[in-house]
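Peer 1: Below is the structure I would like to discuss, written out as structure tokens.
The values are calculated or read from the model by the stated rules, or taken from the named source; none is laboratory data. All values reported here derive from a predicted model rather than from experimental measurement. Positions of Cβ are generated from backbone atoms using ideal geometry, with glycine treated the same way; all protein chains shown enter the neighbour counts.
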Amino acid sequence: MAKPAQITIPALVDVDAEYKDLVERSASLNVRIGEIRREIAETEAAIAAEAKTGGPRLRSAVAELVGDADSAAVDRRKKLRDLRHDEHNHSEALDEIQKRIYARRGFASRAVIAAVQSEIDKRVGAIVAATDVALATQADLESLLRDLESEGVETDAVRSAKVPFFLTNGQAARYISDHGGGNG
């Protein structure tokens, strides 16, 4: 049997612009979440270092009033709160984008299937034709076995005459009936 022709299956992002946009948004959000998490880690490390050295504990406005020069150190806690809030918003947006990607995947999948439908049909046709031949051959084999048995020959020892299950339980005929062919 010849090997089927190699086909190029288009990517989901290549056949559906909306799906592509969602995937790009997801990637962008993931990158930004990573950046935010690195900023959080840096800010937490700076706050921890401040705590060890007994650094400023004043709010920015109070630090300015008393003349503390390092207001950036004072603002780290506010920055940390803002970063965590930002991370939460980005994570929530990413969850929503992932839901939309999941919902859109069916549309994009149908477009990919449409692009390769002729190859699918060709391969299903080959299966139907081969199954049709197998069923006809099975019928010939069963006829031969019946002829042998009618002559008194014990056919139990003929292991090669045992028919595979998929040809005996009606599945093959049902497949041909559903997908084409004249043996259904």
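Peer 1: Which of the residues spanning the stretch 10-25 are closer than 18 Å to A93 by Cβ, in contact (Cβ under 8 Å) with a residue 24 or more places away in the chain, charged (D, E, K, R) and surrounded by 14 or more Cβ atoms within 10 Å (Cβ to Cβ)?
Peer 2: Result: R25, single match.
Peer 1: For the stretch 140-184: of the residues being of a type in the set (G, A, S) and surrounded by 12 or more Cβ atoms within 10 Å (Cβ to Cβ), which is modelled with the highest pLDDT? Show your work before the answer.
Peer 2: The first filter runs over the stretch 140-184 and keeps only residues of a type in the set (G, A, S), leaving 143, 150, 152, 157, 160-161, 170, 172-173, 177, 180-182, 184.
Among the residues that remain, those that are also surrounded by 12 or more Cβ atoms within 10 Å (Cβ to Cβ) are: 161, 172-173, 177, 180-181, 184.
On the way: A161: 64, A172: 71, A173: 72, S177: 75, G180: 67, G181: 50, G184: 32.
Restricting to residues being of a type in the set (G, A, S) and surrounded by 12 or more Cβ atoms within 10 Å (Cβ to Cβ), the top hit is S177.
Peer 1: Identify the residue in the stretch 80-97 that is farther than 14 Å from S28 by Cα and either touching a residue at least 40 places away in the same chain (Cβ under 8 Å) or in contact with a strand residue (DSSP E or B) (Cβ under 8 Å, 6 or more places away or on another chain) (or both) and, among all such residues, is surrounded by the most Cβ atoms within 10 Å (Cβ to Cβ).
Peer 2: Across the stretch 80-97, the extreme among qualifying residues is L83.
Peer 1: Tell me whether the stretch 38-59 contains one or more residues that are part of a helix (DSSP H, G or I), hydroxyl-bearing (S, T, Y) and modelled with pLDDT of 95 or more. Steps first, answer last, please.
Peer 2: Kept after step one, since they are part of a helix (DSSP H, G or I), are these residues of the stretch 38-59: 38-53.
Filter once more, keeping what is hydroxyl-bearing (S, T, Y): 43, 53.
Within this subset, residues satisfying the condition of being modelled with pLDDT of 95 or more are none.
Among the residues of the stretch 38-59, not one is part of a helix (DSSP H, G or I), hydroxyl-bearing (S, T, Y) and modelled with pLDDT of 95 or more, which makes the answer no.
Peer 1: Quick one: which residue in A115, A134 is surrounded by 14 or more Cβ atoms within 10 Å (Cβ to Cβ), touching a residue at least 60 places away in the same chain (Cβ under 8 Å) and either in contact with a helix residue (DSSP H, G or I) (Cβ under 8 Å, 6 or more places away or on another chain) or assigned to a helix (DSSP H, G or I) (or both)?
Peer 2: A115
Peer 1: Answer yes if at least one residue in the stretch 97-112 is at pLDDT below 80 and over 30 Å from I7 (Cα atoms), and no otherwise.
Peer 2: Keep residues of the stretch 97-112 that are at pLDDT below 80, which gives none.
Looking through the stretch 97-112, none of the residues is at pLDDT below 80 and over 30 Å from I7 (Cα atoms).
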